[in-house]
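For reference, the structure is listed below as structure tokens.
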Amino acid sequence: MAAVRAHDAIPRAPGRRESEGAVALASRMPRLVLEARRVSSMLAHGLHGRRRAGPGESFWQFRPFVNGEAAARIDWRRSARDDRLYVREREWEAAHNIWIWIDRSASMGFASDLAQAAKVERALVLGLALADAFVDGGERVGLLGLTRATASRKIVEAMAQALVADAAGLTQDLPPRAAPARFDEVILISDFLTPLERVASAVQEIAGRGSRGHLVAVADPIEETFPFSGQAVLHDLESGLSLDVGDAGAWGDAYRTRIQAHRAGLSEIARGVGWTLTLHRTDRPASEAGLRLATLVAAARGTG
């Protein structure tokens, strides 16, 4: 049996961009906002055609008047500027919102040398990019339990400011108690390394009123493969505990079996409430997960 020695908890575990990744957020947010906008532009094709004419309140476009339509629909001011009649069409606005929650707890600050970014950075970029793309597609988006849903074109900046100001969110590894309306869409982005029973309780509570949803499990590549051997010290970023392992290689098979069982448990939780599960590794582009989520949301809402 491999020799193991537990160390006392420390305030901040060492390592590359670990706990600092979730704490020192404000200084990195401008860069993450720019990255989110870049990813959002790549998602545009996945959300095309979301706007359509209907009985909404927001102006969408003018179109030529068609014989047989009620004269009351004519926009006389616009028509006076041309030699033809125009109708003011309004944007179709669904009565349902899209809510996003982004885990910023300590474990999300981890990044190995194999990753393109820390988990928290990838989660933020993905969440902000999706919000921007959804709003561009005519949806209303909000941060679950933190902001109201809005269709503002400044959604990325508004969400970024709210997240930076929300210091309490840095210690929460599960979404807040919230009750989205029936048929609202919910996207939860986390590493979901919390015990499955706690994840199940949170998801079931959110889904209880009939909202549809998607779990996005963000993972560093070494969290999936555990490529360690020989002497190693493992750090728990949430508790600050360290574990001195005499032969890390001997733990590999057991670890991989356990993480696979955990992923299977997440899948069961999602399936149990009719939600989806997406696994996203941080050595892959954010656009991959973004396009999948955009497609899933569009399919759930019967558009796209």
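Points worth noting:
- Nearest-0.05 FRET efficiency for Asp247 and Ala44, computed from C-beta distance (R0 41 Å): 0.25
- The H on the amide N of Val186, modeled in the peptide plane, is under 5 Å from the matching H of Trp99, Arg212, Gly213, His214, each at least 5 residues off or on a different chain.
- Long-range amide H partners of Leu85 with built H, under 5 Å: Phe65
- Highest to lowest packing among 143-154, 274-285, scored as the average C-beta count within 10 Å: 274-285, 143-154
- For the listed peptides 179-186, 160-167, a ranking on the average number of other beta carbons within 10 Å per residue, highest first, reads 179-186, 160-167.
- Each of the peptides 28-41, 110-123 was scored by the mean count of other Cβ atoms within 10 Å over its residues; in descending order, highest first, they stand as 110-123, 28-41.
- Calculated FRET efficiency, Leu34 to Glu224, Cβ-Cβ distance, R0 = 30 Å: about 0.60 to the nearest 0.05.
- Placing unit charges on the Cβ atoms only, positive for Lys and Arg and negative for Asp and Glu, gives segment 59-208 a dipole magnitude near 620 debye about its Cα centre.
- R0 of 30 Å, Cβ-Cβ distance Ala167-Ala254: FRET efficiency to nearest 0.05: 0.20
Laboratory data are not the source of any read-out in this text; all were calculated from the coordinates shown. Computed from a predicted model, the values in this text were never measured in an experiment. Neighbour counts run over all protein chains shown; Cβ positions are idealised from the backbone, glycine included.
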